Each structure stands twice: as structure tokens, then as C-alpha cells.
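A short write-up of the structure that comes next.
The values are calculated or read from the model by the stated rules, or taken from the named source; none is laboratory data. As the structure is a computational prediction, the values presented were derived from the model and not from experiment. Heads up, the Cβs are rebuilt from the backbone with ideal geometry, glycines too, and the neighbour counts pull from every protein chain shown. Side chains included, ligands, DNA and RNA excluded: accessible areas come from the protein's heavy atoms. Shrake-Rupley method; radii C 1.70, N 1.55, O 1.52, S 1.80 Å.
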Amino acid sequence: MTTATAQAGNAISIEFFPPKTAEGADKLRGVRQALYALRPEFCSVTFGAGGSTQAGTLATVQEILNEGVDAASHFSCIGATRDSVRQQLAQFKAMGVRRLVALRGDLPSGYGAGGEFQYASDLVTFIRAETGHDFHLEVAAYPEVHPQAKSPEADLQAFATKVKAGADSAITQYFYNSDAYFRFVDDAHKLGVDVPIVPGIMPITSSSQLLRFSDACGAEIPRWIRLRLQAYGDDVASIKAFGLEVVTDLCDQLRCAGAPGLHFYSMNQSVATLAICQQLNLLPAAE
Ligand code: FAD
């Protein structure tokens, strides 16, 4: 295995979801402490559209800030009103949050759409109009095309519009085909997008979980990976060893080609992300 050149971005960010129980919150504290060994540029916390997990998001973001690490709250606008977004922005400011991942989001089934925002670009425009440059704004990108997009071209154009509305950087949906990412970045540059587009990295630790997620969010699992995972059946050790090799190679390719950083979907676990970073020589020596 090769290791990445010095020109690659070494910035790491790590994503968590808000735990649902006190026990989960306690476990996540330990996971975060382990992952802080990577000296992440920031940690982000997902946000449930429609109010499902929002208190948990804010509590987790506050804990991360209190731990001395920059924290980004994901913030989705589907179903929201201008007033509710204004109030939420004021709360973020009061908490000391300076970084947001601005999203449209998906409402859980059973919710009517409603709301005063249609797309993430509307949220970015509104946040910039209301708060100037008080927040660093990240937006989502889809190298393998958002599942509801009318066409790849329309999706790319919508991404460019969203960035031009005032995003500072983007994080991609996860993927295992680096060509999709490189092409997306090239095409976005041609449309005048010049902000960093950081690849989202999903470690592979479980076959069924990955296949379930990927169907829902439109990330493609290449046939050879899917078949290998299926062939391992319940052999978790082999799945993890294979996953480590595949995802480390992917990260190495991305870094060698100049990706500006890596954003890890930790799934509130530390072991796989740490193992990948160790293989990439991204684990700083202990002081
Ligand atoms: P948008 O950028 O608004 O795009 C949504 C769809 O609308 C796309 O198909 C796009 O092509 C289309 N579109 C956009 N603008 C236009 C336009 N002007 N005209 C026509 N079509 C348009 N979900 C959560 O609920 N909580 C989270 O915390 C969360 N975090 C995420 C983090 C990352 C890094 C990523 C990649 C995704 C995350 N998601 C999260 C999932 C995300 O909410 C869904 O993928 C959602 O369906 C789209 O959100 P968006 O912000 O990308 O939407």
C-alpha cells in the first residue's frame, strides 16, 4: 500500500449522531475522547428533520465545544419557517457554535412537507442574509447524484447554486468509487465552484448496515464489494479486515490526488476510523 503525498490535505473531521439514551451519551463521550487523538479540525453532529433528535444534537454539540473541540451542528430546513430558523440561529450563536452544515434534510414519513424553505440553497441564502459571515457554512455534495435529482446535470447545477449562495465548503455523501468524486470535483470547478469539497468516508464494519444505508441515501456499493461482503456472511472479523483495506485504499487515492481532507462518518464508533487513520499515518504521535 502506498502512502499519500505531502500535498494532500491532512484535515480530518468526524461526524456523530445524537445518542438516544444516557448510556449512549456516555459511550459517545468515550468514543470522542479516543477520536480526539486524530486532532480533528471539527466534529459535526447530525440533526433530525422534523424535530426528532434536535435537543440531542444541541446537547452533543455543546459537549464537544466544552471539550475544547470545534463543533458543527447539522441544520436542516425542511418544514421550518423563517422565524423558527431565526430562533435556532440565535440559539447556535448563544451556544458558541460557529460552524453549520446547512441542509434541506428529509422529513420522516408521516410529516407533510410544509415550511418556508424548499432547498438547502434557500437556507444558505437566508443564513447569510440574517447573520452575514458569523457562521462557516458547509453544504452536502453527491458525487453519485442525489437520489431525488432530476438528472446528474441538474443536481450538479443545484450544488453550484447552493455553494454560490454562500457556502464555505462542502462534504460529500460517502462513496467507494473515487472516480465519481474526482469527476464531480472537476465538473463543479467548471461551473465556478472553488470551495473545498471534502470526501465523506464511511468505514465498513458491517455488511447488512452498509447495504441498508446505501440503498436509502443513494450511495453505490460496487458489485465486487457487495459480493465480497455477502460472501463473508456472519464472519465479522473478515468483513472488518476487508473493510479496513478497501476504505484505507480509497482514502489513500483521494489524498494522493489532492482531496482537501477527509470527513469520517464515525457511526459513533472509534475503532474503524482510528484504524484507517493509523494505516494512513494520520495518527499524530502522542505528546
Ligand atoms: P438540496 O441541496 O436542497 O438538494 C435536494 C434535492 O433537490 C436534490 O435532488 C437537488 O438536485 C434538488 N435541488 C436542489 N436545488 C434545486 C433547485 N433550485 N431546483 C430543482 N431541484 C433542486 N439529513 C438529515 O436529516 N440530517 C442530517 O444531519 C444530515 N446530514 C447530512 C450530511 C451530509 C454531509 C450529507 C451528504 C447528507 C446529510 N443528510 C442529512 C441527508 C440530506 O438531508 C438528504 O440527502 C436530503 O435529501 C438532501 O439534503 P440537501 O441539503 O443535500 O438538499
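Just to verify a number: FRET efficiency for residue 183 and residue 87, C-beta to C-beta distance, R0 = 41 Å, to 0.05? Write down the numbers at each step before the final one.
Details: r = 40 Å, r/R0 = 0.98.
The computed FRET efficiency comes out at 0.55.
Picking from 141, 216, 241, which is most flexible by a Gaussian network model of the chain using Cα springs under 10 Å?
Most flexible of the set in this elastic network: 216.
With n ≥ 4 as the cut-off for DSSP H runs, can you work out [θ] at 222 nm for the chain, using -39500 (n - 2.57) per run divided by the number of residues, rounded to the nearest 500? Could the numbers behind the result be given before it?
Working: 10 runs with 130 residues, N = 287.
Helix-only estimate at 222 nm: -14500 deg cm²/dmol.
Using Stokes-Einstein with the Kirkwood hydrodynamic radius over Cα pairs, what translational diffusion coefficient do you get for the chain at 20 °C and a viscosity of 1.002 mPa s, in µm²/s rounded to a whole number?
On the way: Rh = 19.5 Å.
Rounded, D is 110 µm²/s.
Excluding the sites themselves, what is the longest stretch of the chain that contains no trypsin sites (Lys or Arg not before Pro) in a DSSP loop with at most 14 other C-beta atoms within 10 Å?
On the way: sites that count: 20, 150.
By the stated rule (loop sites, at most 14 other Cβ atoms within 10 Å), 151-287.
With a 1.4 Å probe and all protein chains left in place, how much accessible area per residue does the chain have, in Å²? Provide the component values of the computation, followed by the final result.
Working: 13480 Å² over 287 residues.
Averaged over the residues of the chain, the accessible area is 47 Å².
Compute the length gained on full extension between residue 36 and residue 151: take 0.36 nm times their separation in residues and subtract their Cα-Cα distance, giving the result in nm to one decimal. Could the numbers behind the result be given before it?
On the way: separation 115, 0.36 × 115 = 41.40 nm, distance 3.94 nm.
Difference between extended and current length: 37.5 nm.
So, counting K/R as plus one and D/E as minus one, what does the shell of residues with Cβ under 15 Å around residue 114 add up to?
On the way: positive: 82, 104; negative: 83, 106, 116, 122.
Cβ neighbours under 15 Å give a net charge of -2.
To test your reading of the geometry: what angle, between 0 and 90 degrees and rounded to tens, separates the Cα axis of helix 120-131 from the longest principal axis of the chain?
60
Please compute the volume of the convex hull spanned by the alpha-carbon atoms of region 3-161 and report it per residue in Å³. If you can, show how the numbers build up before the last one.
Working: hull volume 24.1 nm³, N = 159.
Convex hull of Cα atoms, per residue: 152 Å³.
Which distance in nm do the two modelled labels at residue 235 and residue 129 give, with both placed 7 Å along the Cα-to-Cβ direction?
Output for this residue pair reads 5.8 nm.
Rounded to the nearest percent, how much of the accessible area of region 185-287 (1.4 Å probe, protein heavy atoms only) is carbon and sulfur? Don't jump to the answer; show the numbers that get you there.
On the way: 2580 of 5000 Å².
Whole-percent figure for carbon plus sulfur exposure: 52.
What angle, in degrees between 0 and 90 and rounded to the nearest 10, separates the Cα long axis of helix 178-190 from the longest principal axis of the Cα atoms of the chain?
With rounding to tens, the tilt is 40 degrees.
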